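**Q** I have a structure I would like to understand better, so I am pasting it below and will then ask my questions one at a time.
The values are calculated or read from the model by the stated rules, or taken from the named source; none is laboratory data. Please read all numbers here as calculations on a predicted model, not as lab measurements. Cβ coordinates were reconstructed from backbone atoms using ideal geometry, including for glycine residues, and neighbour counts include every protein chain displayed.
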Amino acid sequence: MQPLNLPTYKFRIKSNENKLFIFDILRKKYVSLTPEEWVRQHIIHFLIEEKNYPISLMAVEKKLTINTLTKRTDILVFNTNGSPHIIVECKAPTAKITQDAFDQIARYNLKLEANYLIVSNGLEHFNCKMDLENEQYIFLPDIPKYSKNE
């Protein structure tokens, strides 16, 4: 798989019938190793190992309903109160990060009201703190470290 603009991690990868699978430590199972999944797994490990987010506060492909449509967040991180804290939208490394990606995550956030939004294709990462009062993004140079107080 393509090298990403993230630290490298030791992943459990297996092959079955000429398809590759990667072990997802959140879902506790092997999932198909697509380019988007490659990015997702790197970001999961980055949040856990570099930013100290507890596994117990993270979910993958969490369902939400927007205008009768069922959608899924790529990664959702909760705070200690169980409220959404970070929404992560992962794209394949070949996908350009466009306004559509921000529109998609913003629609999710209308429902979830998370504090932070992250959009990444593994090569480019956009980290935003939400200013819900003024309905705007505040772009950050890095993802904040885990804090029990947020």
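**Q** Any residue in segment 49-65 that's within 15 Å of Ile105 (Cα to Cα) and modelled with pLDDT under 90: show its pairings with residues that are of a type in the set (D, E, K, R) and not in a strand (DSSP E or B) at Cβ separation under 7 Å, as long as the two are six or more apart or on different chains.
**A** Leu64/Lys111
**Q** Failed condition for Gln41, given (1) at pLDDT 95 or above; (2) out of contact with any strand residue (DSSP E or B) (no Cβ under 7 Å at 6 or more places or on another chain), with all others met?
**A** That leaves (2) as the condition not met.
**Q** Considering only residues that are within 20 Å of Phe78 (Cβ to Cβ), at pLDDT 90 or above and not hydrophobic (A, V, I, L, M, F, W, C), look in segment 100-144 and name the one that is surrounded by the most Cβ atoms within 10 Å (Cβ to Cβ).
**A** Of everything passing the filter in segment 100-144, Ser120 is surrounded by the most Cβ atoms within 10 Å (Cβ to Cβ).
**Q** Name the pairs: first residue in segment 127-140 and closer than 19 Å to Leu47 by Cα, second residue loosely packed, with under 11 Cβ neighbours inside 10 Å and hydrophobic (A, V, I, L, M, F, W, C), Cβ to Cβ under 9 Å, at least 6 apart or on different chains?
**A** From residues that are closer than 19 Å to Leu47 by Cα, the pairs are Asn127/Phe139; Cys128/Phe139; Lys129/Phe139.
**Q** Could you list, ordered by first residue, the pairs with Cβ atoms under 6 Å in which the first is in segment 104-121 and outside any helix (DSSP H, G or I) and the second is of a type in the set (Lys, Arg), at least 6 apart or interchain?
**A** Tyr116/Lys129; Asn121/Lys91
**Q** Tell me yes or no: at least one residue of segment 135-148 is closer than 23 Å to Asp24 by Cα, under 15 Å from the mean Cα position of the chain (by Cα) and not in a loop (DSSP other than H, G, I, E, B).
**A** Looking for residues that are closer than 23 Å to Asp24 by Cα, under 15 Å from the mean Cα position of the chain (by Cα) and not in a loop (DSSP other than H, G, I, E, B), one finds none in segment 135-148, hence no.
**Q** Within the bounds of segment 80-90, is there any residue that is under 11 Å from the mean Cα position of the chain (by Cα), part of a loop (DSSP other than H, G, I, E, B) and either under 25 Å from Gln2 (Cα atoms) or of a type outside the set (Lys, Arg) (or both)?
**A** Checked segment 80-90: no residue is under 11 Å from the mean Cα position of the chain (by Cα), part of a loop (DSSP other than H, G, I, E, B) and either under 25 Å from Gln2 (Cα atoms) or of a type outside the set (Lys, Arg) (or both).
**Q** Checking Glu17 against (1) of a type in the set (D, E, K, R); (2) over 26 Å from Tyr137 (Cβ atoms); (3) touching a residue at least 12 places away in the same chain (Cβ under 8 Å): exactly one of these is not met. Which one?
**A** Failing condition for Glu17: (3).
**Q** Same structure again: Need the failing condition index for Thr70 against (1) touching a residue at least 12 places away in the same chain (Cβ under 8 Å); (2) part of a strand (DSSP E or B); (3) farther than 17 Å from Ile143 by Cα; (4) not hydrophobic (A, V, I, L, M, F, W, C), just the number.
**A** Going through the list (1) touching a residue at least 12 places away in the same chain (Cβ under 8 Å); (2) part of a strand (DSSP E or B); (3) farther than 17 Å from Ile143 by Cα; (4) not hydrophobic (A, V, I, L, M, F, W, C), Thr70 breaks only (1).
**Q** If the requirement is being of a type in the set (A, V, I, L, M, F, W, C) and within 14 Å of the chain's Cα centre (by Cα), which of these qualifies: Leu69, Leu57?
**A** Answer to the check: Leu57.
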